[in-house]
Amino acid sequence: MNCWIVAMWLWLAAGGHPYSWVRRSHAFRGLIPHFGYSERTGFRYYRSIEYRPPKNRLWTEEDLGIVFSGEFVVTHYRLIAVRRWETKEQALADHYFGKHHEHIR
């Protein structure tokens, strides 16, 4: 729950322009959503900030499952390519620097 609060706080503090995201939790086999925040940090760079629960302390005072005393994790990404495809199949076939298909825009 508090990962959502932190993600929304960061998103609102940035004026709602960057991105908030959701993924399935690792600890609960994907049954509970986990939230984070991402923003552009340069021409081809992004960073993601998330508030993660402490490792290996589930169901302790520090991690009650949904409410936890965690840590901020910042991951930096570098954009390597942007491609446009006409069909979903072409987009799904484009894995990293995979084969180029005929209908590239």
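Please treat every number below as a calculation from the coordinates, not as lab data. It should be emphasised that the depicted structure is a prediction, and the values quoted were computed from it without experimental measurement. Counting neighbours? That spans all protein chains shown, and the Cβs are built from the backbone with ideal geometry, glycine included.
Summary table below
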item	result
Taking segment 2-93 and dividing mean pair separation by its residue count, relative contact order in percent (alpha carbons under 8 Å, at least six apart)	22
Between helix 2-13 and the chain: long-axis angle, C-alpha atoms, 0 to 90°, nearest 10	60
For the chain, with +1 on Lys and Arg beta carbons and -1 on Asp and Glu, the positive-most of L58, V82, M8 along the dipole	V82
Net length gained if the chain between I32 and E62 were fully extended (0.36 nm per residue, minus Cα distance)	9.0 nm
Footprinting exposure proxy for L79, L58, L31 (fewest neighbouring C-beta atoms within 10 Å first)	L31, L79, L58
Where the Cα pairs of segment 1-58 fall when distances are cut into 10 Å bins, in %	23, 48, 24, 5
Ascending count of other beta-carbon atoms within 10 Å, so fewest first, for Y51, Y46	Y46, Y51
Label selected from [x] 127; [y] 139; [z] 90, the criterion being volume of the Cα convex hull per residue in Å³ as computed here	[y]
